[in-house]
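First comes the structure, then the notes that go with it.
No value in this document is a laboratory result; all are computed from the given coordinates. Just so you know, these numbers come straight off a predicted model, no measurement behind them. Every residue, glycine among them, receives a Cβ derived from its backbone with ideal geometry; neighbour counts consider all protein chains shown.
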Amino acid sequence: MNETLKLKVIILSEAPPRAATLHWRKLTERPFAKVPLQLLARGVYSVQLPADMEDDFEYYIQAEPERGRPVYFPAGAPKINQTVVIYSSGG
C-alpha cells in the first residue's frame with residue numbers, strides 16, 4: 001500500500017472526551033495496537049496509520065466521555081469492526 005491512511009473523526013458531545021483512540025490490528029493478529037486521536041478543532045480529530053501497511057486490517061474508534069461508558073465506532077466494536085482490504089494491482 002505504501003500510503004498513510006488518514007482519518008478525520010468527528011466526536012459530537014457536550015464536553016471533549018477524556019480520551020479518544022483508534023484501535024487497529026492485522027486480520028491475522030490478536031491484540032489491537034492503539035493510536036491516540038489528535039484534536040484539530042472543536043469536536044474534530046485526526047489520526048493516521050503507518051504507511052507500511054501491506055496486509056488487510058481492521059479498526060475501531062473509542063471515545064471515553066468525562067462521565068459514562070465509552071462509545072465506539074462502529075457501534076458493534078470491538079466485536080464487529082471496520083475492515084480495510086489492501087488491493088494490489090500487481091503492476
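Label points 7 Å out from Cα along the Cβ direction at Leu12 and Gln82: separation in nm?
1.7 nm
Along the charge dipole of the chain, which of Ile10, Val85, Pro70 sits closest to the positive end, that is, farthest toward it, with unit charges on the beta carbon of Lys, Arg, Asp and Glu (+1, +1, -1, -1)?
Projecting each Cα onto the dipole axis, the largest value belongs to Pro70.
Can you give the extra length, in nm with one decimal, that the chain gains between Ala33 and Asp56 once fully stretched, where that is 0.36 nm per residue apart less the Cα-Cα distance?
Stretched fully, the Ala33-Asp56 segment lengthens by 6.8 nm.
Tell me the net charge near Lys26. Cut-off is 13 Å between Cβ atoms, Lys26 excluded, with +1 for each Lys or Arg and -1 for each Asp or Glu. Walk me through the numbers on the way to the answer.
Working: positive: Arg25, Arg30; negative: Glu29, Asp52, Glu54, Asp55, Asp56, Glu58.
Its environment carries a net charge of -4.
By its C-alpha gyration tensor, with a ≥ b ≥ c as the square roots of the eigenvalues, how is the stretch 26-74 shaped: rounded for a/c under 1.5, else prolate for a/b larger than b/c, else oblate? Intermediate results must be reported in sequence, preceding the final value.
Values: a/c = 3.05, a/b = 1.53, b/c = 2.00.
Judged from the Cα gyration tensor, the stretch 26-74 comes out oblate (a/c at least 1.5, b/c at or above a/b).
Rounded to the nearest 20 Debye, what is the dipole magnitude of the stretch 5-84 about its Cα centre when Lys and Arg each give +1 and Asp and Glu each give -1 at the C-beta? Mind dumping the intermediate values first?
Values: 11 positive and 9 negative charges, 62 e Å.
It comes to approximately 300 debye.
Just the projected area, averaged over all directions, of the convex hull on the alpha carbon atoms of the stretch 7-91: how many nm²?
On the way: hull surface 26.2 nm².
Answer in nm², one decimal: 6.5.
Percent relative contact order of the stretch 5-84, based on C-alpha pairs within less than 8 angstrom and at least six residues apart?
Numbers: 143 pairs, mean separation 26.6, N = 80.
33 percent.
Under a 10 Å cutoff between Cα atoms, tell me which one of Ala20, Ala75, Ala41 has the largest fluctuation in the Gaussian network model of the chain.
For the chain, modelled as a Gaussian network with Cα springs under 10 Å, the answer is Ala41.
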